[in-house]
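Take a look at the structure set out below.
We did not get these values from a lab; they are worked out from the coordinates using the rules stated. Every value quoted in this text rests on a predicted model; they were computed, and no experiment measured them. Quick reminder, even Gly has a Cβ in these numbers, built from the backbone with ideal geometry, and neighbours come from all protein chains shown.
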Amino acid sequence: MFSTKTGAARLLIAVVIGLIVLKTVASWLSGSLSILAQATDSLLDLVAGIVTFLALRIAAKPADEEHPYGHGKWEDVAGMVQGILITVAGGLIIYASVQRIRVGTIIEMTGTGILVMAISIAASIFLSRHLLKVAKATGSVALEANANNIAADVYSALAVLVGLLAVRLTNLSYIDSAVAIGVAVYIIRLGYRSISRSLAILVDTKLSAEHEEVIEACLKKHGTDVAGFHKLRTRHSGSQHHIDLHLVVNKDLKLEQAHDICDRIEGEIQSRLHGASVTIHLEPCDGRCEQCHTVCSRDETDPAIRPNSGRRPS
């Protein structure tokens, strides 16, 4: 039920709503700004979860006449919005914390806050691991961004928990505001990472070196028919990978044979890169044989054309 993109997004929304209620009540009872910072972070997680859920529904739509490459980039837009919201919230929390330190406040009912933060840590660990598992299985950038943000909640909630314990032991309320500032700085850092990654995909940054190595490995497996390739271009669109290239093939091959080779290459790339869409432009070889490993009619007419190739003519 929760193993699909939309199912994981629903789980995210449900869990985060529960955490927001708990943290808001605990902050109101205790007067803790660090718990309020955590509640604010969870509220942003909720907004991000709703945006992600809507974006995934849109991104799942098939390609149409106006969107021939599909709607996958809505996932990246969701990641960008999420990053901006997190960064703004971090700044507001820092401002409020500084004001609280200047004025001075008393933190009460720290025991309630400690219990709520312990529950929050356990829930965030479970949720972040599940979201990351689904994100890896589906290649969803938006879900991965949410998983990372929820994972960050574990560390920030732990910091708040330690801060509340320190306040309980020392009665120094400014510790709470200091912890809130630390949490906010960490939130801003995560927001920047989310913005930069989403922006890189929106401006069509190429796939990672590891992904392109997978593509090249699939092409090199067909060295007896493929003379080479060039103009390899790659880009993301949400969880989709768009790949196009020019493939140089043995000029002796018939059109049907060359087409079959392209189909096999496309299938191999798609089996190793989830959500890959491959476009191949075929080109005949140019007759320069020194670096070629294919077997063609020129080997038969002139066996000495590549004396160091170590291959017998076909």
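Amide hydrogen proximity for F229: with H placed 1.01 Å from N in the peptide plane, the residues at 5 or more positions away or on another chain lying under 5 Å are V248.
Label sites at R102 and L29, each approximated as a point 7 angstrom past Cα along Cα to Cβ, lie 3.2 nm apart.
Pairs of alpha-carbon atoms within less than 8 angstrom and 6+ residues apart define the contacts here; what relative contact order does the range 95-237 have, in percent?
Details: 112 pairs, mean separation 34.0, N = 143.
After rounding, I find 24 percent.
Only lysine pairs 8 or more places apart, or on different chains, with alpha-carbon atoms under 23 angstrom apart are counted in the range 5-202, and they number 9.
Please list 260-273, 34-47, 81-94, 207-220 highest first by mean number of surrounding beta-carbon atoms within 10 Å per residue. Spell out each step's value before the answer.
Details: 260-273: 16.3, 34-47: 25.8, 81-94: 19.9, 207-220: 14.5.
With the highest mean Cβ count within 10 Å placed first, the list reads 34-47, 81-94, 260-273, 207-220.
Annotation: amide H of A276 within the under-5 Å range of H241, sequence separation 5 or more or interchain, hydrogens built in the peptide plane.
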